[in-house]
Amino acid sequence: MLRKINLSAAAIVLICFFLPWVQMSCGGARDSLTGFDLARQDSTLLWLIPLLTAAVLVLGLLRRAGEKQQPFALLSAIIGGITLFLMNNQRGKFNDALAVIPAQLTGWFWLGLISAGAMVVTGIGVLFRKRKPSEHETT
């Protein structure tokens, strides 16, 4: 169950990267920037978000059910933490900036940030979950 939540959260983070994160309005004009736009302009570290979350999705989907879950859970928690750090850093840039044009973070940004947190929590949950003994170990 936690594995499915983890993969779903990674997919949400990946999708939200391409949706509007910041919305600006001045008078009647409105504009928005996606995570993709921000990564192209000045925050090149944001490119890690789609690359790493895509890696989590691919590894999570290619894993077999009988394989050990700890390495994937640890990797997912670390990548979720990196994503959470990068997105929170971006949030800080917009909250601290004294700009002529006010900018607001959109719901897509917050959904991606919460999903990155879910990746961390579910990854840690899988790490500390007690594993049921298989039939081969009990005999």
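For segment 54-71, state whether one or more residues are out of contact with any Ser or Thr (no Cβ under 7 Å at 6 or more places or on another chain), more than 25 Å from G125 (Cβ to Cβ) and basic (K, R).
no
Filtering segment 70-83 for residues that are at pLDDT below 90, under 18 Å from the mean Cα position of the chain (by Cα), surrounded by 14 or more Cβ atoms within 10 Å (Cβ to Cβ) and polar (S, T, N, Q) leaves an empty set. Confirm whether A11 is at pLDDT below 90 and surrounded by fewer than 18 Cβ atoms within 10 Å (Cβ to Cβ). Taking the combined requirement at face value, the residue does not satisfy it.
Being modelled with pLDDT under 90, hydroxyl-bearing (S, T, Y) and surrounded by fewer than 16 Cβ atoms within 10 Å (Cβ to Cβ) is a description that applies to T44.
The values are calculated or read from the model by the stated rules, or taken from the named source; none is laboratory data. Remember, predicted model here, so these are calculated numbers, not experimental data. Because the Cβ atoms are built from the backbone with ideal geometry, glycine has one as well, and the counts that use them run over all protein chains shown.
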